[in-house]
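Participant: Okay, handing you the structure first.
The values are calculated or read from the model by the stated rules, or taken from the named source; none is laboratory data. Owing to the predicted nature of the structure, the values given are computational and were not obtained by experimental measurement. Don't worry about glycine lacking a Cβ; one is built from the backbone with ideal geometry, like all the others, and counts go over all protein chains shown.
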Amino acid sequence: MSGLSARVDNAAGAQRWLREFEDTTIVVQRVRNPPRAEAERAAYEIVLVEFLNETHPDTDPNRCAHCGKIGTPDAFLLPIGWGDRNAWLHQRCWVPWRERRWTEAIAALAAMGITEPARRPSSLCRNRSTPTR
Ligand SMILES: [Zn+2]
């Protein structure tokens, strides 16, 4: 089990994130008045980012959080931070590390019953050309 999953692997954590998702959906509906499904999609994106921020790791500054290798003069480690927590990564490791974190966060939320609502093809096209925020 990854550290990310371990931090939220309990019923209280799942209940909290489910409540956060529902509360955020309600706020989106009050502010923008979209259909429920659209509000849930927006809430999902917000909750996913909040989850990633809250579970951001604080890693050993001498080892890459992705590949586990040390930093060298030609491949030094950079701090990727949120709040007072930093994950130390090689530049080439940042993208795969971020993608893995997103995949793990999506899986962790899904395990709590929070899944991304399906998008309609027409709304995908509209969202690409017209920001909704
Ligand atoms: Zn690395």
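Participant: Within the stretch 47-59, which residues are closer than 27 Å to D23 by Cβ and either buried (at least 19 other Cβ atoms within 10 Å of the Cβ) or in contact with a helix residue (DSSP H, G or I) (Cβ under 8 Å, 6 or more places away or on another chain) (or both)?
Facilitator: If the condition is that a residue be closer than 27 Å to D23 by Cβ and either buried (at least 19 other Cβ atoms within 10 Å of the Cβ) or in contact with a helix residue (DSSP H, G or I) (Cβ under 8 Å, 6 or more places away or on another chain) (or both), then V47, L48, E50, F51, L52, T55, P57 are the ones that fit.
Participant: Of all residues in the stretch 81-110, which are near the ligand (Cβ under 10 Å from one of its atoms) and small (G, A, S)?
Facilitator: Of everything in the stretch 81-110, nothing turns out to be near the ligand (Cβ under 10 Å from one of its atoms) and small (G, A, S).
Participant: Just checking, which of A43, A39, A65, A105 is in contact with a helix residue (DSSP H, G or I) (Cβ under 7 Å, 6 or more places away or on another chain), assigned to a loop (DSSP other than H, G, I, E, B) and of a type in the set (A, V, I, L, M)?
Facilitator: Result: A65 is the single residue among A43, A39, A65, A105 that is in contact with a helix residue (DSSP H, G or I) (Cβ under 7 Å, 6 or more places away or on another chain), assigned to a loop (DSSP other than H, G, I, E, B) and of a type in the set (A, V, I, L, M).
Participant: A follow-up question, please. Restricting to the stretch 60-81, name every residue that is closer than 26 Å to E20 by Cβ and out of contact with any Pro (no Cβ under 9 Å at 6 or more places or on another chain).
Facilitator: Correct list: I80, G81.
Participant: Looking only at the stretch 87-133, count every residue that is under 19 Å from the mean Cα position of the chain (by Cα) and modelled with pLDDT of 60 or more and tell me the total.
Facilitator: Matching residues across the stretch 87-133 total 30.
Participant: Out of all the residues in the stretch 41-71, which are out of contact with any strand residue (DSSP E or B) (no Cβ under 9 Å at 6 or more places or on another chain) and over 18 Å from P96 (Cβ atoms)?
Facilitator: Selection gives R41, A42, A43, Y44, E45, I46, V47, L48, V49, E50, F51.
Participant: Just to be sure before I move on: is L109 out of contact with any Lys or Arg (no Cβ under 9 Å at 6 or more places or on another chain) and buried (at least 17 other Cβ atoms within 10 Å of the Cβ) in the structure I sent?
Facilitator: yes
Participant: Limited to the stretch 68-102, what total is found for residues that are assigned to a helix (DSSP H, G or I), aromatic (F, W, Y) and surrounded by fewer than 16 Cβ atoms within 10 Å (Cβ to Cβ)?
Facilitator: Qualifying residue count, the stretch 68-102: 1.
Participant: What residue, among those in the stretch 48-80 that are in contact (Cβ under 8 Å) with a residue 24 or more places away in the chain and under 14 Å from the mean Cα position of the chain (by Cα), is nearest to the ligand (Cβ to nearest atom)?
Facilitator: Among those that are in contact (Cβ under 8 Å) with a residue 24 or more places away in the chain and under 14 Å from the mean Cα position of the chain (by Cα), it is P57.
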